[in-house]
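S.K.: Starting off with a structure, shown below.
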Amino acid sequence: MEYYDSDSNKENEAQNEKQQPASSPNDPNRMAIVSMVCGIVGILLLCCCVAFPLSIILGVAAITLAILSRKGEPFSGYAIAGLILGIFALLLGIAEFVYLMAVNMLLRDPQWAPFFDEVMEQYQELMPVE
């Protein structure tokens, strides 16, 4: 009886394979597209000075999704774009964090207080008072 059961299972599997269309090489890889979108959004968030943590997180997500989208095949165009944009978002997010920390430390240093006072006085002289 096992012989007949195994043949019917093979026939069912063959019919299921015929019904499911094979993915063509031109089909876009959704994971690669999501990677590219994460990279784009990560770079756009760099315009907001306080959104650099989200930019770093989206950069890491874009890199990870681009690598996972390979599935043993070469990178697709979307995956390459997501990888490059993710690296830019990650590096620029870290650079923005370092920059903001340096500015914060500079503003708190009492040695630079006379310089900032002078800058503020010049700014107030240039602005018209109404």
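S.K.: From the set of residues in region 75-111 that are loosely packed, with under 12 Cβ neighbours inside 10 Å and of a type in the set (Val, Ile, Thr), which is nearest to ASN29 (Cα to Cα)?
M.R.: The residue in question is VAL98.
S.K.: For residues in region 66-86 being among the hydroxyl-bearing types (Ser, Thr, Tyr) and part of a loop (DSSP other than H, G, I, E, B), which is modelled with the highest pLDDT? Even if it seems obvious, please write down each step before you answer.
M.R.: Let us first name the residues in region 66-86 that are among the hydroxyl-bearing types (Ser, Thr, Tyr), namely 69, 76, 78.
Applying the additional criterion that residues be part of a loop (DSSP other than H, G, I, E, B) yields 69, 76.
Working: SER69: 89, SER76: 85.
So the residue we want is SER69.
S.K.: Could I ask something else about it? If a residue must be assigned to a helix (DSSP H, G or I) and either acidic (Asp, Glu) or under 16 Å from the mean Cα position of the chain (by Cα) (or both), how many such residues does region 87-118 contain?
M.R.: Going residue by residue through region 87-118, those that are assigned to a helix (DSSP H, G or I) are 87-108, 110-118.
Of the ones still in play, those that are also either acidic (Asp, Glu) or under 16 Å from the mean Cα position of the chain (by Cα) (or both) are 87-96, 117-118.
Going through region 87-118 one residue at a time, the tally reaches 12.
S.K.: Determine if region 22-30 includes at least one residue that is surrounded by 10 or more Cβ atoms within 10 Å (Cβ to Cβ), modelled with pLDDT of 90 or more and assigned to a helix (DSSP H, G or I).
M.R.: Among the residues of region 22-30, not one is surrounded by 10 or more Cβ atoms within 10 Å (Cβ to Cβ), modelled with pLDDT of 90 or more and assigned to a helix (DSSP H, G or I), which makes the answer no.
S.K.: So the check is Cβ under 6 Å with 6+ separation or different chains; which pairs have a first residue in region 34-47 that's farther than 17 Å from THR64 by Cβ and a second one that's assigned to a helix (DSSP H, G or I) and aliphatic (A, V, I, L, M)?
M.R.: Final answer for the pair search is LEU45/LEU54; LEU46/LEU92.
The values are calculated or read from the model by the stated rules, or taken from the named source; none is laboratory data. Because the structure is predicted, anything quoted here is derived from the model rather than measured. Backbone-built Cβ (ideal geometry, glycine too); neighbour counts: all protein chains shown.
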